[in-house]
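See below for the structure under consideration.
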Amino acid sequence: MDEISADIKFNTFKEFVEAHRSHIYKKICDYVPVKEPVAHYKIMRDYIDRQGKYRRPGLVLLTAYLYGATLKDAIIPAAAQQLSEDWILMQDDVEDDSELRRGKPAAQKLYGWVHSFNASNTGQMAMWKMLDDYTREKGPVRGGAVYDKFYDMLSYTVEGQYIENEFIYNTKDLSKIEEPFYLRIADSKTCFYTVYGPMQIGALTGNASETDLKILKEIGYNAGIAFQITDDILDMIGDEKEFGKKNYGDLYEGKVTLIMLHTYKNATPEEKAKIDKIYKKKRTEKNEDEINYLRELIEKYEGIKYAESVREKYGVKAKEAVERYIGIMPENNYTKIVRSAVEEMFIRKK
């Protein structure tokens, strides 16, 4: 594998990710080749070949380099991180019956939910194979630390998925929850999985200490909350072509967002009763008029403006943490890219 020279200076995290995209994609394809039965493997390769934004594997490689590792040292964990996103999204789309993924019809719309869910397990098995190979190559100390962190990250993510699904499919009542409930889901499904988990995994391929891992968690938690709130806002007002998903998916699915929690908290008893009625319906039972009613209430009570204010608070905390720990984290060509990565978590359009 051709290493990317440490002398190359990247101006932004986006530039860094794009420089490494082909390496990550190729490694994934090595582990998920199209073979017999071809139709089965092509389903999993569909999401792989669409390629996501590669933020998570980008963070793995960024902190790997920051702590002295090379592309060869960290490419398998980075590829495993991206592959985890590919198969998890396929399962999420089946569970939520999503319309679009990465600008194209979701897998179950093309192949049916049975084949899509089954094919997603091919991605999961390949991911664990990657991590097993890495552990064998690097040994039980370094390899085992990466494997264990990966396991902990995905286990916590699955817990968050359960908590969210329990609300969507059973609780369906915004009066029974408050903001800490939202933050718990965001921590497991976004902060750990999207930000500080990948950062810690990358650091573990290098020379990071326990102190370093705690620093990355503090940075990543705050950046992750800001990232998730941005995701919620983009679901409401983002450009569908840029975002790659249909707008108002959270409202149709009945998800918990700060936008809706703030709106519900400030609504009149009559408005709350109507929100409750809409939230108790399944996605397929909700109509456009009901979604428009929720949108009007969100505008009336400035739900998006409130979410933006909370996002700003966590974004500032993330940036302040980076600056506070600059003298403790290694200082090299990748230090400033950490700043860029944190900002790009929530200053984005997709």
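Coordinate-derived values only; no laboratory data. Keep in mind the model is a prediction, meaning the values are calculated, not measured. Because the Cβ atoms are built from the backbone with ideal geometry, glycine has one as well, and the counts that use them run over all protein chains shown.
Data for the structure
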quantity: Estimated vicinal HN-Hα couplings, Hz - region 217-225 in sequence order (Karplus 6.51, -1.76, 1.60; Gly, Pro = x); calculated: 5, 4, 4, x, 4, 5, 5, x, 4
quantity: Links that overshoot a 32 Å alpha carbon limit, given the list K138/K217; K109/K300; K109/K336; K255/K313; calculated: K109/K300; K109/K336
quantity: Most fluctuating residue given options T135, T263, T157, as computed from a GNM of the chain linking Cα atoms under 10 Å; calculated: T135
quantity: Amide H partners (placed H, <5 Å) of T205, local residues excluded; calculated: none
quantity: Over the chain, equivalent-ellipsoid semi-axes from the Cα gyration tensor in Å; calculated: 34, 25, 17
quantity: Long-range HN-HN contacts of N247 with modeled amide H, under 5 Å; calculated: none
quantity: Most mobile of P198, P330, P269 in a GNM of the chain (Cα contacts under 10 Å); calculated: P269
quantity: Rounded to 10°, Cα long-axis angle of helix 335-344 versus longest principal axis of the chain; calculated: 20 degrees
quantity: Cβ-based charge dipole, the chain, positive-most Cα from T263, G144, L216; calculated: G144
quantity: Using alpha-carbon coordinates, inclination of helix 13-31 to the longest axis of the chain, degrees; calculated: 80 degrees
quantity: Computed over region 132-230, Kirkwood Rh from alpha-carbon pairs, angstrom; calculated: 14.5 Å
quantity: Cα long-axis angle, helix 38-50 against the chain (0 to 90 degrees, to the nearest 10); calculated: 90 degrees
quantity: Helix-only mean residue ellipticity at 222 nm for the chain, each DSSP H run of n ≥ 4 adding -39500 (n - 2.57), per residue, nearest 500; calculated: -23500 deg cm²/dmol
quantity: Whole-Hz couplings from phi, Karplus 6.51/-1.76/1.60, listed for region 324-331; x for Gly and Pro; calculated: 5, 9, 4, x, 9, 5, x, 10
quantity: Phi-based couplings in Hz for region 126-134 (Karplus 6.51, -1.76, 1.60; Gly and Pro marked x); calculated: 5, 4, 5, 5, 4, 5, 5, 4, 5
quantity: Cα-centre dipole for the chain with unit charges at Cβ (Lys and Arg positive, Asp and Glu negative), debye to 20; calculated: 320 debye
quantity: Computed over region 75-152: relative contact order in percent, which uses C-alpha pairs under 8 Å that are six or more apart; calculated: 33 percent
quantity: Listed residues S116, S84, S155, most fluctuating in the chain (Gaussian network, C-alpha, under 10 Å); calculated: S155
quantity: Gap separating the Cα centres of region 163-233 and region 19-62, nearest whole Å; calculated: 24 Å
